[in-house]
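The values are calculated or read from the model by the stated rules, or taken from the named source; none is laboratory data. None of these values were measured; they are calculated from a predicted model. A quick note on method: Cβ atoms are made from the backbone with ideal geometry, for glycine too, and the neighbour counts reach across all protein chains shown. Keep in mind that these areas ignore ligands, DNA and RNA; they rest on the heavy atoms of the full protein, side chains included. Shrake-Rupley method; radii C 1.70, N 1.55, O 1.52, S 1.80 Å.
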Amino acid sequence: MFSKAFVSLLAVVSVVNAAPRRRADCGNGHAAADQRCCVWFDVLDDINGPDGLFDGAQCGEEAHESIRLTFHDAIGFSPALTSQGKFGGGGADGSIMKFLGTDTDETTFPASIGMDEIVGEQKPIALRHNVSFGDFIQFAGAVAATNCGGGPRLQFLAGRSNDSQVSPPDLVPLPEDSVDKILARMGDAGFSPEEVVDLLASHTVAAQDKPFDSTPSTFDAQFFVETLLKGTLFPGDGSNTGEAQSPIPGEFRLASDGLLARDSRTACEWQSFVNDQQLMLTKFTAAMAKMAVLGFDPSTLVDCSEAESNVAVLPAGFTLDDIETSCSSTPFPSLATTPGPIGSVAPV
Ligand SMILES: *[C@@H]1O[C@H](CO)[C@@H](O)[C@H](O)[C@H]1NC(C)=O
Ligand SMILES: *[C@@H]1O[C@H](CO)[C@@H](O)[C@H](O)[C@H]1NC(C)=O
């Protein structure tokens, strides 16, 4: 049995050796499996830079809003409208960015009021790097998720067309919508009730001026616990449309979150994440991968997930040349260098 396994391992090794992976040199110390992914390292360095969109890879308001934007762009997709012979929207096509400030601006849709700010911050960056708006929105959201403590590395596929038409109105669910209405709308876009809950894991790092859970910078399961606590108060100036009472001073609860947490179609999926953060991350990652390509054929896109974040970094003052590589079969991965001179490691 041992020798059989050993023989098949050798077979695998020789196949790998026969076709060595050649990585494209992207410059700036980055390399990618596909040349078309190189631009995304530049975008990453830009948005996670100290003066970039995310203020040095923080999980702050821009990160929260960038994750939210991935949904508001992509969910403009309705096979039901298409089957009635109408335009059903282009999904994750960047139309919310393309039409910003025009008389068909999607950020004037009731569900997307206030999103003009994050779209306005992102748009010049997309233009600067000459990447399509749809790609940029999904990439920024994926980077934002990794910037949050414990956040997943989402799949990022690049190559969405930059051409888009404005989305039909009323496709983004509202917080004051009934569960029936939300599940019907999401079902039209292809999501099961469970997948609606999976997508809502994003609310663990969400805020509407006030955070949705007590740990808004951490990708943990607190959101799923705290939405199940009895609501007793409105933080701030009392009840607003789409707002439900929350259990903790300063915490904001969307009415739809309170209802979905308690509906028989979604409650068990909701509860399943409470003490299984890994399950939550796995399901969130799968649902986001589906959402990020709404309106596109994924087989026409190229996987550039590796450009989304660098798991590890080179400490300040070091370059890839300083690494004593010892694995001959696989090139050492490209890593960013922490800015600044060589420092000393602080005692703990
Ligand atoms: C920007 O991208 C478009 C579409 O991919 C391409 O046609 C154009 O040449 C690019 N412009 C520059 C300045 O690289
Ligand atoms: C995307 O479209 C906008 C116009 O809406 C244009 O300004 C921009 O250069 C385009 N980007 C690419 C990559 O083609």
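From the list E243, E226, E269, which residue is at pLDDT 95 or above, more than 23 Å from the chain's Cα centre (by Cα) and among the charged types (D, E, K, R)?
Of the residues listed, the single one that is at pLDDT 95 or above, more than 23 Å from the chain's Cα centre (by Cα) and among the charged types (D, E, K, R) is E243.
Go over the candidates F71, F41, F6 one by one and state the one that is modelled with pLDDT under 95, in contact with a helix residue (DSSP H, G or I) (Cβ under 8 Å, 6 or more places away or on another chain) and assigned to a helix (DSSP H, G or I). That would be F41, the only listed residue that is modelled with pLDDT under 95, in contact with a helix residue (DSSP H, G or I) (Cβ under 8 Å, 6 or more places away or on another chain) and assigned to a helix (DSSP H, G or I). What residue, among those in the range 94-137 that are open to solvent by 30 Å² or more (accessible area, probe 1.4 Å) and of a type in the set (D, E, K, R), is nearest to ligand 1 (Cβ to nearest atom)? Among those residues, the one meeting the criterion is R128. Being touching a residue at least 60 places away in the same chain (Cβ under 8 Å) and either in a helix (DSSP H, G or I) or in contact with a Gly (Cβ under 9 Å, 6 or more places away or on another chain) (or both) is the filter here, so list the residues in the range 291-303 that pass it. Listed by number, the residues that qualify are M291, A292, V293, L294, G295, F296, P298, T300, L301, V302.
Yes/no matrix, rows are residues, columns are (1) touching a Ser or Thr at 6+ places or on another chain (Cβ under 9 Å); (2) among the polar types (S, T, N, Q); (3) surrounded by fewer than 21 Cβ atoms within 10 Å (Cβ to Cβ); (4) in contact (Cβ under 8 Å) with a residue 40 or more places away in the chain:
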position: S256; (1), (2), (3), (4): yes, yes, no, yes
position: L260; (1), (2), (3), (4): yes, no, no, yes
position: D263; (1), (2), (3), (4): no, no, yes, yes
position: C268; (1), (2), (3), (4): no, no, yes, no
position: S272; (1), (2), (3), (4): no, yes, yes, no
position: A286; (1), (2), (3), (4): no, no, yes, yes
position: A289; (1), (2), (3), (4): no, no, yes, yes
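Among what's in the range 193-236 and is open to solvent by less than 40 Å² (accessible area, probe 1.4 Å) and of a type in the set (G, A, S), pick the residue that is farthest from E61 (Cα to Cα). Step by step, filter the range 193-236, then rank; the result is G231.
The residues on offer are A145, A184, A189, A158, and the sole one that is within 18 Å of F77 (Cα to Cα) and open to solvent by less than 10 Å² (accessible area, probe 1.4 Å) is A189.
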